[in-house]
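> For reference, the structure I am asking about is given below.
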Amino acid sequence: MNYDEAFRKSIDDPDSFWGEAAEQIHWFKKWNKVLDDSNPPFYRWFVGGEMNTCYNALDRHVENGGGDRVALIYDSPVTGGTIRKYTYREFRDRVALFAGVLKARGVQKGDTVIIYMPMIPEAMIAMLACARIGAIHSVVFGGFAPRELAIRMDDAKPKVIVSASCGIEPKRTIPYKPLLDQAIEMADSKPESVIMFRRPEVEAGLTEGRDHDWEELMAEAEPAECAVLKSTDPLYILYTSGTTGIPKGVVRDNGGHAVALNWTMKHIYDIGPGDIWWTASDVGWVVGHSYIVYAPLIAGATTLMYEGKPVGTPDPGAFWRVVSQHGVKALFTAPTAFRAIKKEDPKGVYLKKYDLSGFRTLFLAGERTDSDTYHWASRLLKVPVIDHWWQTETAWSIAGNFMGLEFFEPKPGSATKPIPGYDVCVLDSDGKELHEGEEGILTVKLPLPPGTLMTLWNDDTRYRESYMDPFPKYYFTGDGGYIDEDGYVFVMGRVDDVINVAGHRLSTGAMEEIIAQHPDVAECAVVGANDDLKGQVPIGFVVLKAGVARDKNEIISELVQSVRNQVGAIACFRQAAIVKHLPKTRSGKTLRGTIRKIADGREYRVPSTIEDPAVLEEIKEAVGTIGYGKK
Ligand code: COA
Ligand code: AMP
């Protein structure tokens with residue numbers, strides 16, 4: 001089958017397209033219906049089917065003779081070069097034992113478990129153990145501050161939290177226990193128990209009656225079998241930034257997710273049993289969920305987990321060392337990681353030290369790959385560089401290229417073609433479909449394919465309002481862009497207040513809420529400004545309350561510190577300017593789009609609805625003082 005045939009079939013006859021794909025997954029009981037579209041926009045896949053994601057990721061490979069193949073390679077330069085390998089059999093046994101630990105702590109099918117951990121194998125073990133017994137995990141990225149963790153706890157209401165004593169950044173070690181204690185203190189919904197994996201780098205005391213030591217519980221546990229789950233039972237909740245301070249809890253199913261991810265490994269990534277696959281991301285993000293943990297294991301490949309950075313651990317040759325040492329066939333990471341390497345090693349001197357003859361493809365996502373980085377990586381690596389577009393909501397890519405189906409000559413700046421299952425349409429603001437080459441809002445005609453979000457946790461209304469109501473019968477992606485005359489999709493950026501900082505999705509609205517809490521602040525606007533390394537960084541414009549006469553720099557550093565304390569260092573909120581007014585429409589809406597254009601030094605039109613055009617001059621000046629506004 002070529003791409004056109006696969007794409008047409010997925011849209012015209014999804015039952016047969018996805019029904020065939022589902023044959024590659026193990027089912028305890030086959031489904032009655034591939035797609036249940038009786039209650040739009042709540043679509044359900046493989047209804048009546050019973051399966052277990054962990055069984056598909058681990059047990060079935062062991063039972064089919066693959067028990068001695070390596071499931072996971074853990075490579076950790078930040079702990080002095082630790083390398084550990086687990087076969088499928090060893091990994092299944094560890095997961096089964098930890099599943100027994102969770103059961104012994106009272107975790108049952110349908111209970112929620114929060115996992116707040118760094119990039120260590122135990123994070124994966126905890127995720128798969130939840131999947132094994134039908135508990136719903138919610139992984140919270142280890143770089144988030146206590147407030148963000150507390151917000152997620154109050155929404156997910158975990159019975160148990162699994163954590164570790166520390167995360168390790170190149171410049172510092174971050175003890176997690178104080179962060180966890182603060183979050184539990186702040187949250188209304190407290191866990192019954194905390195299971196703490198104690199790393200040698202940082203000791204963590206245990207709170208009597210609440211905290212338990214991972215190893216001690218493992219020593220006394222009985223392994224747990226895989227629960228028989230409905231295809232439509234939730235596998236996990238993953239919180240992602242929306243336009244407000246309250247994150248959205250994306251809910252994923254079991255059956256559709258396993259089927260879709262397995263399909264992608266063969267057709268998009270060309271990875272199967274025996275291949276070494278590396279996703280350099282973090283298990284706290286969707287890329288980590290799908291392509292560090294679930295997809296490579298479901299496909300029977302070897303997944304590599306890397307606890308380090310592209311540069312500084314120890315040098316910009318880190319990625320090439322890992323690729324050559326472990327025989328990595330394909331790498332998936334964010335463009336920002338490549339920009340960091342390019343900045344420190346523009347000529348690829350470090351690259352030349354390593355044998356990359358087994359390396360076949362570089363996949364990039366998380367933000368648009370700029371043409372400079374695309375050309376640099378293609379020239380040095382001499383393999384296809386594939387930009388593909390996706391979101392937490394979808395779990396896998398909406399547009400991309402196909403190493404295992406049909407390869408299209410990439411066009412720099414484009415994510416290539418819509419993936420089978422995604423009928424991508426460009427609409428204008430009235431919902432009219434636009435023609436090729438015309439830029440508008442990127443949407444996907446419903447239904448979305450399997451594996452995409454079922455709803456938002458405990459919030460069907462927000463699911464409808466955020467994604468389905470803006471354009472009935474279409475899924476609203478939040479991204480803008482166009483499709484060219486060859487059917488290539490160009491994603492030009494978000495049309496809402498979500499920003500992408502070094503591949504991390506963040507909400508400017510959440511930062512505004514924190515800044516607005518400062519006693520001297522009357523109002524503020526935070527926008528994403530283009531940044532050469534990180535893609536975007538947030539910058540703030542702050543109006544002080546009348547009569548505040550304190551030193552402006554002091555106020556700004558307090559604001560920077562509170563965003564750092566309350567969201568986390570990853571927000572990279574470092575710059576703000578005090579202004580007298582924010583530009584607003586006559587109805588009082590802040591003109592963030594215009595501020596963003598000024599910050600990027602782009603052309604802008606003075607909006608006809610603006611209350612006072614003179615305010616834009618002040619913004620221009622403020623932008624200049626903090627070093628932005630240049631092209
Ligand atoms: N836990 C705690 N803190 C973390 C963290 C984590 N897991 N990850 C990052 N941070 C902190 C960093 O220590 C840094 O703190 P600092 O302000 O005290 O220095 C801050 O957050 C910003 O970190 P980072 O974004 O990593 O910036 P950097 O300048 O140190 O490194 C890159 C730049 C490009 C190398 C880095 O951002 C990177 O590797 N990005 C790839 C991201 C990625 O894989 N995204 C997944 C999407 S596919
Ligand atoms: P996240 O949910 O964190 O994966 O972020 C999703 C958002 O990242 C998308 O809505 C896009 O704005 C952006 N994004 C991801 N991949 C790409 C890409 N290849 N090209 C352009 N934007 C991308």
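The values are calculated or read from the model by the stated rules, or taken from the named source; none is laboratory data. Since this is a predicted model, take the numbers as computed values, not measurements. Every residue, glycine among them, receives a Cβ derived from its backbone with ideal geometry; neighbour counts consider all protein chains shown. Keep in mind that these areas ignore ligands, DNA and RNA; they rest on the heavy atoms of the full protein, side chains included. Shrake-Rupley method; radii C 1.70, N 1.55, O 1.52, S 1.80 Å.
> When you check Ser290 against the structure, is it crowded, with 24+ Cβ neighbours inside 10 Å and at pLDDT 95 or above, yes or no?
Answer is yes for this residue.
> Of the residues Thr443, Thr452, which single one is within 16 Å of ligand 2 (Cβ to nearest atom), part of a loop (DSSP other than H, G, I, E, B), buried (at least 18 other Cβ atoms within 10 Å of the Cβ) and not hydrophobic (A, V, I, L, M, F, W, C)?
Thr452
> Same structure, new question: Against the definition (assigned by TED's automatic domain parsing to the domain that holds Asp188, over 26 Å from the mean Cα position of the chain (by Cα) and on the phi > 0 side of the Ramachandran plot), how does Gly67 come out, yes or no?
no
> Something else now. Which residues, taken from the stretch 511-532, are over 22 Å from Glu554 (Cα atoms) and either part of a strand (DSSP E or B) or open to solvent by less than 50 Å² (accessible area, probe 1.4 Å) (or both)?
Gly528, Ala529, Asn530, Asp531
> The conditions are (1) open to solvent by 30 Å² or more (accessible area, probe 1.4 Å); (2) part of a helix (DSSP H, G or I), and Val623 fails exactly one of them. Which is it?
Just one mismatch for Val623, condition (1).
> Here's a follow-up. When you check Glu393 against the structure, is it within 16 Å of ligand 2 (Cβ to nearest atom), within 30 Å of Phe141 (Cα to Cα) and open to solvent by 20 Å² or more (accessible area, probe 1.4 Å), yes or no?
Judged against the criteria, Glu393 is not a match.
> Using the structure shown, decide if Ile120 is crowded, with 20+ Cβ neighbours inside 10 Å and in contact with a Ser or Thr (Cβ under 7 Å, 6 or more places away or on another chain).
It is false that Ile120 is crowded, with 20+ Cβ neighbours inside 10 Å and in contact with a Ser or Thr (Cβ under 7 Å, 6 or more places away or on another chain).
> If Met492 satisfies all but one of (1) surrounded by 15 or more Cβ atoms within 10 Å (Cβ to Cβ); (2) in contact with a Lys or Arg (Cβ under 8 Å, 6 or more places away or on another chain), what's the number of the condition it fails?
(1)
> Could you check how many residues of the stretch 37-58 are farther than 20 Å from Ile136 by Cβ and out of contact with any Phe, Trp or Tyr (no Cβ under 7 Å at 6 or more places or on another chain)?
So the count comes out to 4.
> While we're here: Please find, among Gly348, Gly413, Gly437, Gly421, the residue that is open to solvent by less than 40 Å² (accessible area, probe 1.4 Å), away from ligand 1 (no atom under 16 Å from the Cβ) and more than 24 Å from the chain's Cα centre (by Cα).
Just a single option satisfies the conditions, and that option is Gly348.
> Identify, by number, the condition in (1) touching a helix residue (DSSP H, G or I) at 6+ places or on another chain (Cβ under 6 Å); (2) part of a helix (DSSP H, G or I); (3) small (Gly, Ala, Ser) that Ala577 doesn't meet.
It fails just one condition, (2).
> Of a type in the set (A, V, I, L, M, F, W, C) and either touching a strand residue (DSSP E or B) at 6+ places or on another chain (Cβ under 7 Å) or closer than 18 Å to Gln536 by Cβ (or both): which single residue out of Trp320, Trp396, Trp376, Trp389 fits that description?
Trp389 is the lone residue from the list that is of a type in the set (A, V, I, L, M, F, W, C) and either touching a strand residue (DSSP E or B) at 6+ places or on another chain (Cβ under 7 Å) or closer than 18 Å to Gln536 by Cβ (or both).
> Any chance the stretch 305-328 includes a residue that's within 13 Å of ligand 1 (Cβ to nearest atom), among the aromatic types (Phe, Trp, Tyr) and within 24 Å of Gly255 (Cα to Cα)?
Looking through the stretch 305-328, none of the residues is within 13 Å of ligand 1 (Cβ to nearest atom), among the aromatic types (Phe, Trp, Tyr) and within 24 Å of Gly255 (Cα to Cα).
> Go through (1) within 16 Å of ligand 2 (Cβ to nearest atom); (2) more than 25 Å from Met119 (Cα to Cα) for Lys352 and report which single condition fails.
Status for Lys352: all satisfied but (1).
> Which residues, taken from the stretch 367-381, are buried (at least 18 other Cβ atoms within 10 Å of the Cβ) and either aromatic (Phe, Trp, Tyr) or part of a helix (DSSP H, G or I) (or both)?
Result: Thr373, Tyr374, Trp376, Ala377, Leu380, Leu381.
Rundown of residues vs (1) under 21 Å from the mean Cα position of the chain (by Cα); (2) modelled with pLDDT of 95 or more, yes/no style:
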residue: Tyr475; (1), (2): yes, yes
residue: Glu485; (1), (2): no, yes
residue: Val489; (1), (2): yes, yes
residue: Asn500; (1), (2): yes, no
residue: Ser507; (1), (2): yes, no
residue: Ala516; (1), (2): no, no
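> Okay, next question. Where residues in the stretch 330-348 are outside any helix (DSSP H, G or I) and farther than 26 Å from Met265 by Cα, which of them is farthest from ligand 2 (Cβ to nearest atom)?
Lys347
> Taking Ser371, is it modelled with pLDDT under 95, within 16 Å of ligand 2 (Cβ to nearest atom) and not acidic (Asp, Glu)?
Yes: the conditions hold for Ser371.
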